[in-house]
Structure formats: C-alpha cells, structure tokens
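Enquirer: Can you read through this structure? Questions will come right after.
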Amino acid sequence: MLYLCSLGSNIEPLQHVPLCVRQLCERIPVITFSSFIQTEPMGMATNNHFVNGLAWFESQQSPAQLKRFFNQLEARHGRNRHDPLSSAKDRCLDIDVVHFADSFEELSLVPIEPFLSRLHQQLFDTHSPVIEDALKLEIQLTAQHCLPLGQRATTIHFNRATR
C-alpha cells in the first residue's frame, strides 16, 4: 500500500520536524519528503506559524497501524491527543495519513488542501519543481551523517546497518 502523509509543527518546529523526519526514517526505510514551508495557522487562534511538509512511502502496515504509530510519535513530542480541543491548539507535531492507494498514479491525483498543493505537485512531478521559499532543514540521520532538506523533494533510503 502507498501512503501520502502530512506533517507539521508550530511549537519549536525547527526542532520537532527534523527529529520527526529521523524517527519516520527509522520505521520506514524508503520515504520521499517534499520541501518544508512555513504556513499560516488555519482554524485556530495563534500567532505561531506552522512548518509543513508532505511525504509518500510504501508500507505493509494498515492505515490504522500507521495512525497509531503517528499518534505515538505525536505524544513523544508532547501532543495530548486525549484533549478534545487538541486539533484547535498549538502543537509540537501533527502527522496525518492524507490518503492511501494501490498505485502511485492514484496517490498523485488526490485532492489536497490548497496550502499544500505546491508540495504535492513537487512530490509527484517527475521534474521535481523547486520551491523558492522552502526552509532549509538538516536531519541528523546518524552520528556521522547529516542530510539537508531544501528546495527539492528528497528520497531517503535509511540503512539501519550503519547506525
């Protein structure tokens, strides 16, 4: 099964997002990330901007299993999913399964929130368009290897044997 996921943060996002990317890579050995951009908060009263990105990957896990894993990651980063107002509050981490499909083509045609449409296009366009206002993030994959994420989509092949 192929999955399209969103991830974001508006509490210390430059710390939480790179750490989350690393944690996802430890569980999902090949994953493609879009660039990450700063976005305005929607549907909540806050002055904290979000850092948002998209990712796609293949997994044998069910959508429910992935959602449980994502909720565990969010909790490790300090999000209280038991709070009925958690979706209207600032958050250290928010990871969602946007869509899952059997084919890459189907995943590429999924309707997406307008504020993420550039990221979606970047992930599924064979020419991987540059996003000029993308944030430059560095992901510490291992003690010896730091991966820069930037203006283009990036596929990470995480080799657990080198950790």
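The values are calculated or read from the model by the stated rules, or taken from the named source; none is laboratory data. Please read these numbers as outputs of a predicted model, since none were measured by experiment. All Cβ positions, even for glycine, are placed from backbone atoms using ideal geometry, and neighbour counts span all protein chains on display.
Enquirer: Filter segment 85-110 down to residues that are among the hydroxyl-bearing types (Ser, Thr, Tyr) and modelled with pLDDT of 90 or more and give me whichever is nearest to the chain's Cα centre (by Cα).
Expert: Restricting to residues being among the hydroxyl-bearing types (Ser, Thr, Tyr) and modelled with pLDDT of 90 or more, the top hit is Ser108.
Enquirer: Same structure again: With respect to Asp83, determine if the residue is under 24 Å from Gly43 (Cα atoms), in a loop (DSSP other than H, G, I, E, B), in contact (Cβ under 8 Å) with a residue 40 or more places away in the chain and charged (D, E, K, R).
Expert: When the stated conditions are applied, Asp83 does not pass them.
Enquirer: Scan segment 73-84 and tell me whether some residue there is out of contact with any Pro (no Cβ under 6 Å at 6 or more places or on another chain), at pLDDT below 90 and of a type in the set (A, V, I, L, M, F, W, C).
Expert: no
Enquirer: On to the next question. Can you pull out the residues in segment 14-39 that are within 18 Å of Lys136 (Cα to Cα) and without any contact (Cβ under 8 Å) to a residue 60 or more places away in the chain?
Expert: Result: Gln15, Leu19.
Enquirer: Additional query: Scan Gln38, Gln23, Gln65 and give me the residue that is surrounded by 16 or more Cβ atoms within 10 Å (Cβ to Cβ) and either farther than 22 Å from Gly150 by Cα or not aliphatic (A, V, I, L, M) (or both). Spell out how you get there, then give the answer.
Expert: On the way: Gln38 fails: surrounded by 16 or more Cβ atoms within 10 Å (Cβ to Cβ); Gln65 fails: surrounded by 16 or more Cβ atoms within 10 Å (Cβ to Cβ).
Testing whether each residue is surrounded by 16 or more Cβ atoms within 10 Å (Cβ to Cβ) and either farther than 22 Å from Gly150 by Cα or not aliphatic (A, V, I, L, M) (or both) leaves just Gln23.
Enquirer: Additional query: Quick check, is Ser117 out of contact with any Cys (no Cβ under 8 Å at 6 or more places or on another chain), crowded, with 16+ Cβ neighbours inside 10 Å and not hydrophobic (A, V, I, L, M, F, W, C)?
Expert: The answer is no for Ser117.
Enquirer: Separate question: Could you pull out the residue among Ala101, Ala134, Ala88, Ala75 that is touching a helix residue (DSSP H, G or I) at 6+ places or on another chain (Cβ under 8 Å) and among the aliphatic types (A, V, I, L, M)?
Expert: Ala101
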